[in-house]
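Here the structure comes first, spelled out in structure tokens, and everything after it is commentary.
None of the figures in this text is laboratory data; all of them are computed from the coordinates on show. Only a predicted model underlies this, so the values are computations on that prediction, with no experimental measurement involved. As a convention, Cβ positions derive from the backbone with ideal geometry for all residues, glycine included, and neighbour counts pool all protein chains shown.
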Amino acid sequence: MTVNVNIHEAKTHLSRLLERVAAGEHVVISKAGKPIADLVPHQAARVVFGGLKGKISYDDDAFVDVDPDIQRLFYGDEHAAS
């Protein structure tokens, strides 16, 4: 089921609208009759650390002559390459 509300109604009844979304409803927020946003249930993204392990490789030469600006971004001014 889709519920259409204007911005004022959404601000006034946000908690109720979120409960409806949690129950499976789709809420469309409109401004002057034009839809501008959808309230839908949150879908957490699965994060996998090390997902590229064994799929990429690099040579240690990749870290030779690193741009001083990049060094500064990671390590600050006192560690920048000269």
Note to self, the chain gives a 222 nm [θ] from helices alone (DSSP H runs n ≥ 4, -39500 (n - 2.57) apiece, / all residues, nearest 500) of -7500 deg cm²/dmol
Measuring from its Cα centre, the chain shows a charge dipole (+1 at each Lys and Arg Cβ, -1 at each Asp and Glu Cβ) which, in debye to the nearest 20, is 960
Taking a straight Cα-to-Cα line shorter than 29 Å from residue 31, and setting aside same-chain lysines fewer than 8 residues away, one finds 11
Checking rank on 2-12, 34-44, with mean other Cβ inside 10 Å and highest first, the result is 2-12, 34-44
With 0.36 nm assigned to each residue of separation and the Cα-Cα distance removed, residue 8 to residue 20 gains 2.6 nm
So residue 58 and residue 74, fully extended at 0.36 nm per residue minus their Cα-Cα distance, gain in nm 3.8 nm
Protection proxy (average C-beta count within 10 Å per residue), highest first, orders 70-77, 54-61 as 70-77, 54-61
